[in-house]
Amino acid sequence: MCWCVTIATSAPLSGVTVSGPWPEDGSPPPPLHFAAISAEEFKGELIALYRSFFKGQFLYDVGSDTGCGCGLNRSYKTIYYEGTTTQVDYSDESPLALIEFIRKHTQAEDLEMYVVWETDRLKAPLSYVEIDCSTLNIDTYFEFESRIFYRFF
């Protein structure tokens, strides 16, 4: 089971990696990447739910160096050796990239993010949290809990 991290923006993302988690050349994924969510992909169920609480029109799943949202929780680091994959706890690479993205993006507008376990993806948020980006750093980084909706300002 994986963490699903979704953001909404009022304009399409630019200047970031927008693609699937694994690069076509087979190299490891970048520390932060985005995949646009389409209505066709989820037959509208997810889109309808997300439209009920996200203000932004453009929806993106956010991935990490693990290929999914799990590495954004600051508990996984994927190390690639020839023929094997090893996970080491508490890597900061993907969380730091997310913090940088949040801080940069919120200079122009507020940013919204929903964090949920994969099995809870079609459920509404249980709680709403607001975070001031000027106080966000790796030491004040939030620990993921399922069904939490974040607003960054």
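The values are calculated or read from the model by the stated rules, or taken from the named source; none is laboratory data. Because the structure is predicted, anything quoted here is derived from the model rather than measured. Here the Cβ positions follow ideal geometry from the backbone for every residue, glycine too, while neighbour counts run over all protein chains shown.
For this structure, a couple of remarks:
- Output for region 106-120, where each listed residue is surrounded by fewer than 18 Cβ atoms within 10 Å (Cβ to Cβ) and either in contact (Cβ under 8 Å) with a residue 40 or more places away in the chain or over 23 Å from A11 (Cα atoms) (or both): E109, D110, W117, E118, T119, D120
- Conditions (1) at pLDDT 90 or above; (2) surrounded by 19 or more Cβ atoms within 10 Å (Cβ to Cβ); number of the one not met by T78: (1)
- Checked against (1) at pLDDT below 90; (2) touching a Gly at 6+ places or on another chain (Cβ under 8 Å), S94 passes all but a single condition, namely (1).
- Selection within region 124-145: residues that are in contact (Cβ under 8 Å) with a residue 60 or more places away in the chain and touching a strand residue (DSSP E or B) at 6+ places or on another chain (Cβ under 8 Å). The member of this set that is nearest to S14 (Cα to Cα) is F144.
- S27 being more than 13 Å from F101 (Cα to Cα), at pLDDT 90 or above, loosely packed, with under 13 Cβ neighbours inside 10 Å and of a type in the set (G, A, S): no
- Any hit, region 37-57, residues being of a type outside the set (A, V, I, L, M, F, W, C), at pLDDT below 90, farther than 26 Å from T135 by Cβ and touching a strand residue (DSSP E or B) at 6+ places or on another chain (Cβ under 7 Å): no
- Counted residues, region 138-153 - those being assigned to a loop (DSSP other than H, G, I, E, B) and surrounded by 12 or more Cβ atoms within 10 Å (Cβ to Cβ): 6
- Qualifying residue in region 111-134 (condition: assigned to a loop (DSSP other than H, G, I, E, B), at pLDDT 95 or above and within 16 Å of the chain's Cα centre (by Cα)): yes
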